[in-house]
Structure formats: C-alpha cells, structure tokens
Amino acid sequence: MAKTAIEAAALNKWFGEGEARTHAVKDVSFEAHLGEILYVVGPSGSGKTTMLSMISGILRPDSGTVKIEGSEIWSLSIDALAEFRLHKIGFVFQDFHLFPRLTTAENVAIPLILQKRNWDEALKEAEVDLEIVGLKNRAQLPPVKLSGGEQQRVAIARAIVSRPDILILDEPTASLDGDTGRNIVKFVREHILTDQRCIVIVTHDSRIYEFADRIVRMEDGKMTGIGRENLDAQ
Amino acid sequence: MGGILHIAYKLLVNDRAKYAALLVGITFAVFLMIEMTSLFAGILTRSSATVINIGASIWVMDPAIQTVANTIPLPDYVLDEVRSIPGVKYAVPLYSGGALLKLPDGTYQAVNILGLDDTSLFGRPILDGGNIQDIYAENAFIAVKDSEFYKLENPKIGAEFELNDHRGVIVGIAHVASSGLFGVPTLYTTYNRALQYLPNSRFTISYLLVEPKTPADAAAIKRQVAAAGYLALTKDEFIQKISNFYKYKTGIGTNMLIMTVISFIIGLSISGQTFYTFVIENLEKFGALKAIGAKGHELISMIFFQAAFVSLTGYGMGVGLCAAIIWLARLYLPDYAATITFYNLVLAFLMVVVIAAISSYVGVRKVLKIEPFDIFRG
C-alpha cells in the first residue's frame with residue numbers, strides 16, 4: 001500500500017462573526033497517498049479552497065489535524081511552517097503569480113533562493129526543471145512573453161524545483177483554454193507525478209477528471225464522497 | 001548580496017518606469033534640500049569672512065556687536081587695558097569700515113577697508129603680487145582678488161583711485177580664504193592710513209585682535225575683558241555669534257528652513273506614493289512568496305532593501321546634481337554663495353533615511369497584512 005502523504009482529520013473552519021458566521025469546512029477527513037493524484041472538486045463556495053489551504057499549511061483550521069508524512073503541521077511555529085512548506089510542498093496558483101520583472105529561470109529558481117541556495121546554482125537547477133517542462137529555450141524571457149500554457153508550465157517548474165513531496169495545484173485549467181488545460185494536466189500526470197510525490201488538484205473542470213486517481217467531492221463545506229468509484233461515476 | 005535581496009533588486013530596477021520615478025523624486029528632493037542648506041551655509045560662511053580671513057584667536061569688541069560688519073568703535077585705552085592683561089601675548093587694533101571709491105573711469109564703487117596694525121600687519125592677506133613692505137608706501141592699498149575684484153575694474157599693481165579726495169595706489173594683489181557677503185571688494189591698508197583716509201568718530205578702533213600666550217589663557221582674558229565692560233570672543237565663538245544673528249534675527253534662517261521642509265515633503269510625497277504603488281502592484285506576488293515559504297522578516301528585508309537602495313542611489317545623484325549645479329553657477333555667478341558642508345550632507349542623508357523609512361513602513365504594513373490564503377481565494 002502507498003505511503004500516506006496527507007492525513008486530514010475532522011477539519012473545521014468558520015469565517016465571520018455573529019450572524020455572518022459561516023461554517024466553511026465541516027468535519028472533513030481524508031487521506032492522500034504518495035504516487036497518486038487526488039482531485040478536490042465541488043461547486044464554488046463548497047469549501048474546497050479553504051480545505052486546500054488548511055492541508056497545505058496556509059490557513060489554520062479551527063479544529064482538526066493535518067499530518068504531512070506523519071508530522072502534525074499545525075503544531076509548528078509560523079516560521080517553521082513556512083520552512084516546512086518551502087521544502088515539502090510545491091504550489092501552482094490559479095493565476096500563476098509569476099514575477100513579470102524576473103526572467104522565467106529566475107521565477108523558477110525562487111524556492112531555491114528562499115532556501116538560501118547560491119544564485120547561480122539555483123538558476124542552473126531552474127533550467128533543468130524548465131527543460132523538464134519543455135521551456136529551456138524560454139529561460140531568459142520574462143513570463144509576459146510566454147503564452148498562458150507556457151506560464152502554467154513555468155509555475156509547475158517553480159513548484160517542483162525544490163523536489164517537494166506534495167504538489168498543490170489550484171484550478172490549473174481555469175486560466176487556460178480547454179485543450180491547453182487538458183494537456184497541462186496530462187503532462188503533470190505523465191511527467192511530474194512520481195511514486196514519491198502526491199499531487200492534489202482543486203478543480204471544477206470535469207474535462208480533466210480522467211487524470212485523477214481519486215476524487216474528493218465537496219458540497220456546502222462537507223465532504224460528500226471520495227474514491228475511485230466517485231471518479232468512475234463522472 | 002543575499003538571494004532574496006537579489007530578487008528584490010531585480011524587481012525594483014527592472015520596473016524601469018517606477019524606478020525612474022522613485023529616483024527622480026528622491027534626487028530632486030535631495031537636490032533641493034542640499035541646495036537650500038548649502039546656500040544658507042554659504043551665506044553664514046561669507047557673513048564671517050572678515051573673522052575667517054583675519055584669523056585672530058580672540059576678538060575684543062563692544063558687547064552690542066551682532067555681526068562683524070557693524071562695528072562700534074572702542075576707546076584707545078581699551079587697547080592698553082587689554083595689553084596689560086596677564087596671559088595676553090599681544091593685542092593689536094583693527095579698523096574695519098566702508099567707503100566709496102572713485103575709479104579711474106569716474107564711477108564710484110563701495111568697498112570694505114581693513115586697516116591693519118601698522119607695526120605687525122597682523123591679519124594681512126596672502127599676496128599673489130607685489131611686496132608686503134610696499135603697504136608702507138605713500139597712498140598704498142592691497143586689493144583682494146576675490147569674486148568682487150572685477151568691480152574695481154580688475155586693477156593691476158600701480159593702478160590708482162580716489163578715496164575721499166585722497167589718491168590711492170594698488171601696491172599688491174592678494175587672496176583670502178573667504179569672500180564677503182555683501183558683494184563689495186575689499187582693500188587692505190595700514191590702520192593709521194585708514195584713519196587718515198576715512199571719516200571717523202571720536203573712537204577709532206573697530207576690534208582688538210588678541211593672541212593669548214597659551215590657549216588656556218583665553219578664558220581668563222575673556223573674564224578680564226568682560227570685567228572692563230567689553231566682550232572677548234574666540235574666533236569660533238565670534239563666527240557662531242554672527243551665524244546666530246543671521247539664523248535667528250533675520251528671516252533668512254526661517255525661509256531656508258521652510259524651503260528645506262518643503263523639499264522634504266516633496267521628496268516624501270513622490271517617493272512614498274510611487275513606492276506604495278510599487279508595493280501594491282507586487283502585493284499578490286509577495287503573497288505568493290509567503291505561500292511558497294518566504295518568512296515575514298525576509299519580505300520585510302526585501303522592502304527595506306528596495307527602499308534603502310533607491311534612497312541611497314537618489315541621495316548620491318542628488319548630491320552629484322547639487323555639486324554640478326553649484327559648480328556651474330559659480331562659473332557664471334562669482335558671487336554665488338552656496339557651500340556644501342558635511343552637515344548639509346548629513347542633514348539631507350537623515351531626511352532621506354526618514355523618507356525611506358516612511359515609504360517602506362507603508363509597504364511593510366501591506367506586505368505583512370497579505371495572507372497567502374488570499375492568493376488562493378484570488
């Protein structure tokens with residue numbers, strides 16, 4: 001059996017005060033394993049982004065625990081948690097969030113630079129990852145000169161450059177046209193997923209469900225299903 | 001440079017429009033601040049030109065004196081009294097007064113006449129031409145070749161003029177450390193000739209120039225002179241007294257201060273506004289950095305570095321621009337009084353530090369407030 005990468009237990013999150021208080025995530029528990037792609041799907045406002053933020057060490061749950069490879073992350077200090085994310089988790093944001101004033105290679109190298117690696121060494125490693133995503137020849141260009149799909153690949157290269165065990169992709173197809181989005185996720189499935197990596201994708205794009213190993217379905221903050229059978233039902 | 005600061009540097013300088021706007025804002029502010037304070041420093045220095053050029057250790061004067069230009073003559077007995085004070089090595093009289101000179105072309109020119117003690121010629125200028133002994137020749141004067149020299153029609157040795165119907169002859173051309181404030185040429189002669197050529201009141205000594213036997217004697221000399229009803233000041237004290245007069249008893253100090261504060265506000269407004277926009281535009285990226293694993297203090301160091309870098313670069317450019325403008329102005333305006341001093345530079349630097357601190361404080365607050373969760377929520 002594959003090793004457990006993420007173990008979320010009884011996660012709860014409330015927002016707001018008084019009458020405006022909303023229970024955004026209600027008692028969500030699930031596991032994600034190394035070597036699998038887990039989708040978190042559901043309509044807007046279902047709590048999937050909140051849940052994603054809690055399992056990735058960005059948003060503190062009001063109750064419940066999150067263990068990454070056996071370690072409870074929310075017992076760490078803020079700085080230790082940042083350090084943990086830097087080494088263990090790679091992020092691909094919906095809008096990519098690439099720095100337009102840096103070159104593509106410099107953008108990719110950012111996690112290594114945050115790890116206090118030598119600038120030139122970090123750029124060299126970034127170029128290796130740009131080669132993996134097929135953009136080595138774009139290394140010296142600013143991201144604004146790249147297409148949406150290429151920018152997404154740069155964001156993926158940035159997410160994997162520090163060799164994290166967990167990769168979080170937030171709506172990876174939302175800013176791309178249908179074919180490009182599908183190709184990106186296919187690429188992630190074929191080239192980025194390894195036995196030692198767990199990929200969690202938040203999406204509501206059903207066209208890419210075929211690349212998931214399992215799906216966590218959420219609605220109104222509650223988890224309504226998980227598993228392969230849930231995927232086959234789509 | 002740390003990697004994170006290298007990123008900060010690239011984010012700053014690669015945003016050329018904002019970088020240029022920040023540099024222009026700070027450069028302009030620094031230029032204005034240094035220009036204003038340098039003008040004031042120049043005025044203060046020139047206001048003490050006679051004190052600087054004569055170079056006596058101690059000046060004895062009437063207590064009502066406010067600047068070296070406004071003399072109140074001392075009775076002759078004061079000279080004897082001061083000479084009798086234990087600790088006085090020597091004391092000599094100085095005449096300082098204004099006069100109208102009739103030039104060879106018939107025009108009149110106001111001048112400042114300094115009459116040096118006939119015996120010692122204490123306080124004499126450094127001669128560029130002529131012989132100091134010639135000052136004892138009939139009708140002899142030494143002209144100072146400073147920024148006002150041309151007003152005497154650039155006289156050569158032997159040039160003649162009229163002073164109160166007396167014939168005057170230039171016997172030497174000299175230079176001094178500092179030009180005067182009031183834009184009039186200076187002539188040196190002997191004390192007795194000055195009295196002979198110029199109309200005088202009952203008392204004739206403008207100042208007594210005193211040299212103590214040792215520096216430690218200065219305090220006792222000052223006490224003794226004060227006991228006699230007069231005022232003795234060291235050279236530095238006299239310069240300070242003159243400076244205080246211009247700072248606090250004329251509008252010059254207040255006006256310069258207001259202009260300096262306005263320059264500071266202009267610099268703060270431009271750079272603060274531009275830096276704020278710069279941070280706001282990159283705010284989501286800073287949030288993404290936070291999500292990836294950047295710590296709060298690393299983001300703060302990025303902002304501080306950017307603010308410090310642009311401020312120091314702007315400071316250097318502002319100082320350079322100011323120096324260039326003053327140099328250019330002096331080429332065409334010999335009377336231009338601006339002087340960049342160490343204190344001007346320190347003051348402008350401190351103001352730039354404040355501008356950088358306030359600008360970055362706003363940015364830091366924004367960056368610390370942004371939550372990585374906001375990046376996910378879009």
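Things to note:
- Once the Cβ-Cβ distance of A:Gln115 and A:Asp62 is raised to the sixth power relative to R0 = 35 Å, the FRET efficiency obtained is 0.65.
- DSSP-defined beta bridges in chain B - what % are antiparallel, rounded to 5: 75 percent
- Once the C-beta distance of B:Ser301 and B:Ile265 is scaled by a Förster radius of 30 Å, the resulting FRET efficiency is 0.60 to the nearest 0.05.
- Computed from the alpha carbon atoms alone, the convex hull of region A:4-232 holds 126 Å³ per residue.
- Each of B:Ala64 and B:Tyr136 was given a label point 7 Å from its Cα along the Cα-to-Cβ line. The distance between the two points is 3.8 nm.
- Region B:138-172 and region B:1-78: distance between their alpha carbon centers, rounded to Å: 34 Å
- Working ranking of peptides A:160-169, B:14-23 by packing, defined as the average number of other Cβ atoms within 10 Å per residue, highest first, is A:160-169, B:14-23.
- Beta bridges by DSSP in chain A, antiparallel share as percent, to the nearest 5: 50 percent
- nm² value of the averaged projected area, convex hull over the Cα atoms of the protein assembly as shown: 40.4 nm²
- 10 Å Cβ neighbours from other chains, averaged over peptide A:91-100: 5
- Selected from A:Ile199, A:Ile132, A:Ile73 as most flexible by GNM, with chain A as the system and alpha-carbon contacts under 10 Å: A:Ile132
- In this structure, B:Ala357 and A:Glu83 have a Cβ-Cβ separation that, at R0 = 41 Å, corresponds to a calculated FRET efficiency of about 0.90.
- Degrees separating the helix A:148-160 axis from the principal Cα axis of chain A, which is the longest one: 80 degrees
- Residue-averaged [θ]222 nm for the protein assembly as shown, counting only DSSP H segments that reach four residues, each worth -39500 (n - 2.57): -14500 deg cm²/dmol
- Taking the Cα centre of region A:1-51 as reference, the dipole from Cβ charges on Lys and Arg (+1) and Asp and Glu (-1) amounts to some 60 debye.
- For A:76-85, mean number of other protein chain Cβ atoms within 10 Å: 3
- Beta bridges assigned by DSSP with both partners in the protein assembly as shown are antiparallel in approximately 65 percent of cases.
- Ranked by how many other beta carbons lie within 10 Å on average, peptides A:94-104, B:322-332 from highest: A:94-104, B:322-332
- Lysine pair count for chain A with Cα-Cα distance under 17 Å and sequence separation of 8 or more or different chains is 14.
- Short-range pairs are left out: with C-alpha atoms under 8 Å and at least six residues apart, the relative contact order of region B:214-346 is 8 percent.
- A straight chain from B:Leu331 to B:Ala227 at 0.36 nm per residue would run longer than the Cα-Cα distance by 32.5 nm.
- Peptide packing for B:233-243, B:67-77 was compared via the average number of neighbouring C-beta atoms within 10 Å per residue; ordered from the highest value, the list is B:233-243, B:67-77.
Computed from the coordinates by the stated procedures, all read-outs in this text should not be read as laboratory data. Not measured: the values here are computed from a predicted model. Every residue, glycine as well, gets a Cβ built from its backbone with ideal geometry; the counts of neighbours run over all protein chains shown.
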